[in-house]
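The next block holds one structure in the form of structure tokens; read it before the comments.
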Amino acid sequence: MRLALALFLTLTLHAQAPLKSLNPKVEKIVSAVSTERIAATLRRLEGFGTRNIFSSQEHPTRGVGAAYRWIAEEMKSYSPRLQVSLDPHELPQSGRVFRPVKIVNVVAVLPGTTQKDRHVILSGHYDSLHIVRKKVGELEQMDQEATVAADAPGVSDDGSGTAAVMELARVMSQFEFEKTIVFVAFAGEEYGLLGANEYAKRAREQKMIIDAVLNNDIIGNDMAGNGRSANSAVRVFSEDPIDSPSRTLARYVKEIGERYVPSMTVNTVFRADRFGRGGDHTPFDRAGYAAVRFTTPSEFYANQHTGSDTFANASPAYAARVTQVNGAVAATLAWAPPAPDVLTKTRSVTSGDEVDGPNLSRGKSGYDAFLKWKEVGDVSDLAGFSIVRRDSTAPYWEKEQFVGIGKEFRLVDVSVDDIVLGVKAIDREGNESPVSVYRIVPRKLP
Ligand SMILES: [Zn+2]
């Protein structure tokens, strides 16, 4: 009898602790992503001629206005539960904005259930750019009006990111998530991350809780200009330092993305973005949020910001695979419990100041790693917590140990000085939170 009970408990515990198991609902989302629908969206976006932010807002079929109205109407058609709105911003002349302009982000909100104050953002930018140059004396510079007038198909940059966001809005709006998911097509990326800047600034002012920003920019082609191709991989850029919120999210993207889309490799690049170039994830990172950028490893530089960034030069099948990685990560995150709180108030012995520090100590023995954490938010479907660790120089978590429901764990004779430690929460469906890292808080020097 006791054996039977023990066996029953063991089986039940395992059923409740599905470490690295697949959630069938997430698998459904991944397999519902349609290459054909992404191809149709790319063709449609190309069909507006240009989506330059200075192009016509009124013309019914050509220009940026026709484009954002279509994106909004299309997303409205996916589900009555998607709250679609236009998010306009009047910008004065300044820097690259050579005359005053109204930019319009398109925002579709899928409200969450038990954790609706927490947000997961999926984004791309729908504006496009075809730079036309003119000679000014000996030098070449951008001809502003000719640039605005030119055809700017922008299929890979960034019709592809927009198509990914729209396809996931279609697929994911058929499900209910615990967290709120926001699908955003940003405007004005090409003239200085304008739409994302405005959004991130407001989010910070309103103290919006954003668990992740998954930004997609140039995911629509898989052949580079030099013939190199890496069509089973996607690059994910994240800003320093080594355990920043954005870097922690990048590790999560690799872990979850490769779990659900095993044909794809997530190449994490440990820097903010490509050399000397930027994207819409950066304003969010600067505002303190976890934000990463997805980009093809096979950029075709000669097509970028020209008239040849066309559908004919794009790969909808590749864009669909990157979309699947996004869908798996966003869905898991939106169903997952919040990451545990690993901070505690400590009082400096020397100054008496109260500071937030990692809830990690050497324990009673003085030689153990003694981790403590607090549950955050609704944890009714919690299976338990998992402790992760890695060498201080290792890029990814190396060891993982499921420790069940609890608020502390001791790793006997493990030095807190030499390794990095973290903890994550996992629910009964196997949805896991990002890792909360026990980060050293730099001491103020006198
Ligand atoms: Zn772009």
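A few remarks follow.
- Separation of the alpha carbons by more than 28 angstrom is noted, of 374/399; 207/364; 254/345; 102/134; 364/424, for 207/364; 254/345.
- Separation between Cα centres of the stretch 233-261 and the stretch 164-182, rounded to whole Å: 20
- Long-range amide H partners of residue 233 with built H, under 5 Å: 265
- Relative contact order (%) - the stretch 343-437, alpha-carbon pairs under 8 angstrom, separation at least six: 26
- Based on Cα contacts under 8 Å between residues 6+ apart, the chain shows a relative contact order of 17 percent.
- Degrees, to the nearest 10: 194-205 long Cα axis against longest axis of the chain: 40
- Rounded to the nearest 20 debye, dipole of the chain from Cβ charges on Lys, Arg, Asp, Glu: 680
- When 438, 367 are sorted by how many other C-beta atoms sit within 10 angstrom of their C-beta, beginning with the fewest, the order is 367, 438.
- Gaussian network model of the chain, springs between alpha carbon atoms under 10 Å - residue of 36, 375, 255 with greatest fluctuation: 36
- Working note: Karplus 6.51/-1.76/1.60 with θ = phi - 60° gives the stretch 219-227 the couplings 10, x, 9, 10, 10, 7, x, 9, x Hz, where Gly and Pro are set to x.
- Projecting the Cα positions of 220, 86, 326 onto the charge dipole of the chain (unit charges on Cβ atoms of Lys, Arg, Asp and Glu, taken about the Cα centre) puts 326 furthest along the positive direction.
- Most fluctuating residue given options 401, 174, 206, as computed from a GNM of the chain linking Cα atoms under 10 Å: 206
- Placing +1 on the Cβ of every Lys and Arg and -1 on the Cβ of every Asp and Glu, with no other charges, gives the stretch 288-376 a dipole of roughly 300 debye about its Cα centre.
- Percent of beta bridges antiparallel (DSSP, the chain, rounded to nearest 5): 70
- Rel. contact order, % - alpha carbon contacts under 8 angstrom, at least six apart, the stretch 309-380: 26
- Which of 171, 136 has the fewest Cβ neighbours within 10 Å, and the rest in rising order: 136, 171
- In the chain, the calculated helix contribution to ellipticity at 222 nm averages -8500 deg cm²/dmol per residue, counting -39,500 (n - 2.57) for every DSSP H run with n ≥ 4.
- Just checking the listed ones, 46, 205, 299: in the Gaussian network model of the chain with Cα springs under 10 Å, the one fluctuating most is 205.
- Angle between the chain longest axis and helix 35-46 axis [Cα atoms, degrees, rounded to 10]: 40
- Angle in degrees between helix 160-172 and the longest Cα principal axis of the chain, rounded to the nearest 10: 50
No value in this document is a laboratory result; all are computed from the given coordinates. Quantities reported herein were computed from a predicted structural model and do not represent experimental measurements. A quick note on method: Cβ atoms are made from the backbone with ideal geometry, for glycine too, and the neighbour counts reach across all protein chains shown.
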